[in-house]
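In what follows, a single structure is set out as structure tokens and then discussed.
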Amino acid sequence: MDSFASSLLSFAYEVFGPGFCPGGAVWATSMAGALIALFPVAGAVIVALIRKFTGNRYDPTMMAVIGLVAGFFTLIMPWLLFIGVSSNFSAVRAGESADLSAGLMEELGNNRCDFIGKQSDYLGGGQNVYEALFYPSGGLAYGYYLGALIGLPALTLLFVMLLARTALRRGPKWPARFFWIPFVLMFFFSIGVSANTAVHLWLGFLPVIVLGIMPVALVGPPAWSTLQRSERPPERRPVEPPRQPPPYVPPPSQQRQLPPPAPPKEYPKTALAQAPEPQPAESPGLANTPGPMPVPPGSSGSAGSSRYRRVRRLGHGGFGTVWEAVDNQLGRTIALKIAHAPDRDTVERMQREARALAVVNHPNCVKVYDLVEEPDGLALVMEYLEGQPLGAAVDTGGPLDDVAAGRLWATMAGALSAAHEKGVLHRDVKPSNVILDPAGIAHLIDFGIARSKGDSQLTATGMMIGTPDFTAPETAAGAPASPASDAWQLAATVSYALSGQPPRGTRETPMAALMAAARAEPANKLPQRSVHSRLLIASLDPEPRRRPTLASVRKEVEGWLSRAGKSPDGPVTRVVPRAH
């Protein structure tokens, strides 16, 4: 290693060894310290590249790999090179042979400054680090060594920790100890280095560590999809039962011949035997298989039924009308969404979506009870939610703070995840489809059931249902909806709640907004001072595969709320119920 250190010193002198005070050899020593600092930076870059493919998978094998990389590049190589550089200077001072270049050997014999003296004596003689710190000679020299030999390594340690955290972004913090613990050991192991040599090595080491954070940051964190795969528990393969040996069958010569069995006796038929077998009763709920929707007892199966008594109209659009109604049989308030003159495709879609959504069970997701025939059209019977839309709450009360927006994001991400697990996509997440109940709890409504192409209902905030202001770029360009597009729309809704405007801003016409969405114009109206800004930028990425999943978003937001001492399931805001 001494020969490698001498080659490093000679190269450093050729790169930067000016012949002025304090001397070319002294400058070359600082340059050598800068070159040695490239090893920890290289180790961090390697770990960052490994995590691009493995994410947050910290099994024993991965921990061993990271530990070996960090130990070699942060402890072994810097420590051996520090010792090797000091040994070369000590050998030159003692008159022994050293494998240094002729120019550097000649420079070591020069005296460029009076307070430095002969460079070989300055770098190769005097006290080592341990002696300079624990056996001080007094005066200003001790303060100089204390600041240089303690202050510089301590400051370097802080940036080594930052270097490690940059390489381990979007993951737990504890693996960073694989970097900073070896660095601390390297400092203690190098206390035998000449004090003057160590000072100049640390002077070159520190700035390279600081600048080395940039290439590690350019590598970038692992993709959210990679993190999702790494955090997924491994699938357990079912254990096959041990094979049982076949039963023993004696040879024909040993088998006993049994008489043939007697024919069964015939009994006279009775009235009980002639009774028809009971048939299983059909479930009164929504059907789980394709076909016509079952009509449960008491539901509005005919045009003249009066099970649902309408109280007041809640909304009206091109597709149909939503009523607040009362179920006369169960005595509860429900929401009745009636499709006016639906065609065959609309009927089939309502049946398919209603069956799927009926099995979604989440406290922040609107419930679907039934699908029935009303006198004026096919009707969807849903849970009635008292409150007002999120858009109206933001318009009247102003944008939400970070805590309220975090609760909104976490609860709505949970509701969408529950729907996605059942194969249901919302397709139209926006502020008007988030209802805040009187307790301030958010609920997700209107899962795009039987959405008509011509539906142009306006909300209280002036936004059209299906407005392109909250449409993901890929769906605006004609691609089918996906969980990633629901995640984009939810992030746009949270951005609206924090800033009071859609992430791409507003356009004069819906067609202009649709063209902006299809072109994937950047979101330039995001909240600037929110703690959620970084996650919003990632969630509004034009490329669906680069967006964090809803599970990752929920985990990160709930983690921030927990660190802030807030409950993720608390109220978003206080809402005063509207008067009937």
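Worth pointing out:
- Test for PHE72: is it crowded, with 17+ Cβ neighbours inside 10 Å, of a type in the set (Phe, Trp, Tyr) and within 53 Å of the chain's Cα centre (by Cα): no
- Helices (runs of 4 or more DSSP H) wholly inside region 476-580 that include at least 2 residues being modelled with pLDDT of 90 or more and closer than 22 Å to GLN388 by Cβ: 483-499
- Answer from LEU146, LEU206, LEU185, LEU123 - the residue that is of a type in the set (A, V, I, L, M, F, W, C), under 49 Å from the mean Cα position of the chain (by Cα), assigned to a helix (DSSP H, G or I) and buried (at least 16 other Cβ atoms within 10 Å of the Cβ): LEU206
- Residue satisfying all of: in region 126-143; surrounded by 14 or more Cβ atoms within 10 Å (Cβ to Cβ) and not in a helix (DSSP H, G or I); modelled with the highest pLDDT among these: ASN128
- Cβ-Cβ under 8 Å pairs, at least 6 apart or on other chains, region 189-217 side outside the structural domain of LEU38 (by TED's automatic domain parsing) and acidic (Asp, Glu), far side part of a helix (DSSP H, G or I) and surrounded by fewer than 22 Cβ atoms within 10 Å (Cβ to Cβ): none
- Residues in region 78-114 that are touching a residue at least 12 places away in the same chain (Cβ under 8 Å) and either assigned to a loop (DSSP other than H, G, I, E, B) or outside the structural domain of GLU14 (by TED's automatic domain parsing) (or both): ALA94, ALA98, ASP99, LEU100, SER101, ASN110, ARG112, CYS113.
- Filtered residues of region 5-25 (kept if within 14 Å of ILE116 (Cα to Cα) and in contact with an Asp or Glu (Cβ under 7 Å, 6 or more places away or on another chain)): GLY23, GLY24, ALA25
- Among the residues listed as VAL381, VAL326, the single one being surrounded by fewer than 22 Cβ atoms within 10 Å (Cβ to Cβ), touching a strand residue (DSSP E or B) at 6+ places or on another chain (Cβ under 8 Å), of a type in the set (A, V, I, L, M) and on the phi < 0 side of the Ramachandran plot: VAL326
- Of the residues examined, THR509 is not one that is of a type in the set (Val, Ile, Thr), assigned by TED's automatic domain parsing to the domain that holds PRO480 and surrounded by 15 or more Cβ atoms within 10 Å (Cβ to Cβ).
- For the residues SER90, SER97, SER86, the requirement of being surrounded by fewer than 17 Cβ atoms within 10 Å (Cβ to Cβ) and either in contact with a strand residue (DSSP E or B) (Cβ under 7 Å, 6 or more places away or on another chain) or closer than 16 Å to SER3 by Cβ (or both) singles out SER97.
- A single entry from GLY19, GLY24, GLY55 fulfils the requirement of being assigned by TED's automatic domain parsing to the domain that holds PRO182, at positive phi and in contact (Cβ under 8 Å) with a residue 24 or more places away in the chain: GLY55.
The values are calculated or read from the model by the stated rules, or taken from the named source; none is laboratory data. Nothing here was measured: the structure is a model prediction, and the numbers come from that model. All Cβ positions, glycine included, derive from the backbone under ideal geometry; neighbour counts span all protein chains shown.
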